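To start, the structure under review is shown below, and the notes come after it.
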Amino acid sequence: MEIIALKYHTRGYHGCLIDGSGYVFFQLSRKGKLRRLKTYARGDFDDYEHFQHMMMKYMTPSAFLNPPVPIAALTLAELDRVYDIVRERAQAV
């Protein structure tokens, strides 16, 4: 799995990941409740870049992580780790 977009909220995270054969939009609460909001088949897009460009109609370009960040599992600990990477990248700019 790879996280391709991530937003932090006081109640948890919203984001998008590449999981197997799909792009999955999700919410993960601080209590650990996971909701898969929408899944798009990878086969519906030429590649990740094509998916990213199509989703920019609905999300700001800065919401996407370049490059995506691999994760072991969709857990709060992993998303906290990814969010630290996001913050470090933002500070480096």
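The values are calculated or read from the model by the stated rules, or taken from the named source; none is laboratory data. Quantities reported herein were computed from a predicted structural model and do not represent experimental measurements. Note that each Cβ is placed from the backbone with ideal geometry, even for glycine, and that neighbours are counted across all protein chains shown.
Applying the selection to the stretch 1-49, what residues are among the small types (Gly, Ala, Ser) and under 8 Å from the mean Cα position of the chain (by Cα)? Lay out the reasoning, then the answer.
Restricting attention to the stretch 1-49, the residues satisfying the condition of being among the small types (Gly, Ala, Ser) are 5, 12, 15, 20-22, 29, 32, 41, 43.
Matches in the stretch 1-49: Ala5, Gly15.
Which condition from (1) surrounded by 14 or more Cβ atoms within 10 Å (Cβ to Cβ); (2) in contact with an Asp or Glu (Cβ under 8 Å, 6 or more places away or on another chain) is the one that Pro70 breaks?
Answer for Pro70: the failing condition is (1).
Quick one: which strands (runs of 3 or more DSSP E) sit completely within the chain and have at least 3 residues that are out of contact with any Lys or Arg (no Cβ under 7 Å at 6 or more places or on another chain)?
Working: elements: 2-9, 12-19, 22-29, 34-41, 64-70.
Here the list reads 2-9, 12-19, 34-41, 64-70.
Which pairs do you get when a residue that is closer than 11 Å to Leu6 by Cβ, found in the stretch 58-71, comes within reach of a residue that is surrounded by 12 or more Cβ atoms within 10 Å (Cβ to Cβ) and of a type in the set (S, T, N, Q), reach meaning Cβ atoms under 7 angstrom, with the pair 6+ apart or on two chains?
Within 7 Å, the pairs are Phe64/Gln52.
Among the candidates Tyr23, Tyr48, which residue alone is touching a residue at least 24 places away in the same chain (Cβ under 8 Å) and touching a helix residue (DSSP H, G or I) at 6+ places or on another chain (Cβ under 7 Å)? Steps first, answer last, please.
Details: Tyr48 fails: touching a helix residue (DSSP H, G or I) at 6+ places or on another chain (Cβ under 7 Å).
Every option except Tyr23 fails the conditions.
If we scan the stretch 40-59, do we find a residue that is touching a Phe, Trp or Tyr at 6+ places or on another chain (Cβ under 6 Å) and at pLDDT below 95?
yes
Can you tell me how many residues in the stretch 73-93 are exposed (fewer than 11 other Cβ atoms within 10 Å of the Cβ) and at pLDDT 90 or above?
The number of residues fulfilling the criteria is 3.
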